1. Quick one: check the C-alpha center-to-center distance for segment 125-182 versus segment 55-118, whole angstrom.
2. If contacts are Cα pairs under 8 angstrom and at least 6 residues apart, what is the relative contact order of the chain in percent?
3. Between residue 295 and residue 282, what length comes free when the chain is fully extended (0.36 nm per residue of separation minus the Cα-Cα distance, one decimal in nm)?
4. Amide H of residue 171: which non-local residues (sequence gap of 5 or more, or other chain) have their own amide H closer than 5 Å, using H built in the peptide plane?
5. Kindly work out what percent of the DSSP beta bridges joining two residues of the chain are antiparallel, to the nearest 5.
6. Using bins 10 angstrom wide from zero, how does P(r) for segment 334-380 break down, in % of all Cα pairs?
7. Viscosity 0.890 mPa s, temperature 25 °C: give me the Stokes-Einstein translational D for segment 58-121 in µm²/s, with Rh taken as the Kirkwood radius over C-alpha pairs.
8. For segment 173-299, count the residues as N, evaluate 2.2 N^0.38 Å, and divide the Cα radius of gyration by that value, please.
Amino acid sequence: MTSLIEFLQAGSAPDFESERGVSCTGELPSPSDPDLVERARAAKEALGKKVMILGHHYQRDEVIQFADITGDSFKLAQAAAQNRDAELIVFCGVHFMAESADILTSNDQRVILPDLAAGCSMADMASLNQVREAWKVFEELDIASTTIPVTYMNSSAAIKSFTGENGGTVCTSSNAERAMRWAFEQGERVFFLPDQHLGRNTAVRLLGLSLDDCVLYNPWKPRGGLTDDQLRDAKVILWRGHCSVHGRFSMQNVLERRNEIPGVSILVHPECPHDVVMAADFVGSTETIISTVRNAPAGSKWAVGTELNLVKRLATENPDKEIHFLDKTICYCSTMNRIDLPHLVWALEALVSGDIVNVISVDEKTSRFSKLALERMLALPAQ
Ligand code: SF4
């Protein structure tokens, strides 16, 4: 497996020319076209090894069936970087994931997002201007030099770049604890972006800090809505962002499921609110959720707090277990779901005809500092 560091040492720096493709609006095949599956299969076959299709775990089944590799955002970005045969990476995920893949792939590979509107509401909650404004406040208070930014993988390339430029690291939901411990070795406080829940859950549940050690920086209020003393005294400054899917789960969901299903185990993602995470039996990243259910004994009962496409797939793949969705209402990632079979067919058929559409590219400077932050993550000591 080629690490990012090995990849960088190989000297294959991408050139990241700007090459945004045309919108697919108005050109999509009809969703009712009975030949969509066959069209996707034929286009993929025609492209052969030139194309690699990556499918995030939260994607629809109709798209996942064509994925060469499925995984979470970091696993998919690594997969893109390790495959040098595929000139075209069709990323069935959201915008920040395609950016990460572009940062990690070589200059003769193109990353394609079948629908350019497939963004991430959490990543969009931290704009570069807002984060720079916050940093200026830290500089005024003379705490910037002792504050280490840590950004979740689920952030824009601009925020990853800011983090790299200011001595910080990227983290995933699997290594957030290691990232935060590392950050405390470099400075006195952590500036955690953009998911307040992952930051709070990591600080309190895994590092043993108190809720009072954490403050919430609201970018829509002057100076984050915090006093100078609150900022100076904080151990963790949490950005006021959240995932619109995982942020919906509540204690009421937990209590109802425990009441309705005797013997149920509650399994949730650390992007869920703090009270839900603390009340759960198991907490883990998307990959951990999948392996926990797969390895569970037959007959065990689970209420799972993560994206609904994945929970439904877990139920289908584990018929010997009882798998429930933690919430009672539908809870898909609406932006991820924008990539459906018509968009995939549209993108693949355009590629077959030589039209490289919807390319996601990251500029050279942003890419350089993002890589620095990603390198720091890969170099985090093992726990
Ligand atoms: S599930 Fe949440 S964090 Fe993941 S892409 Fe959707 S909105 Fe973003």
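Each value in this text was obtained by applying a stated rule to the coordinates, not by laboratory testing. Just so we're clear, the structure is a prediction, and the values are computed from it rather than from any experiment.
1. Using only Cα atoms to place each centre, the spacing works out to 24 Å.
2. Relative contact order for the chain comes out at 25 percent.
3. Taking 0.36 nm per residue and subtracting the Cα distance, the gain is 3.3 nm.
4. 151, 152, 153
5. Looking only at bridges with both residues in the chain, the antiparallel portion is about 5 percent.
6. With 10 Å bins starting at 0, P(r) equals 21, 28, 28, 22, 1.
7. Values: Rh = 11.8 Å.
Calculated translational D: 208 µm²/s.
8. Output field value: 1.17.
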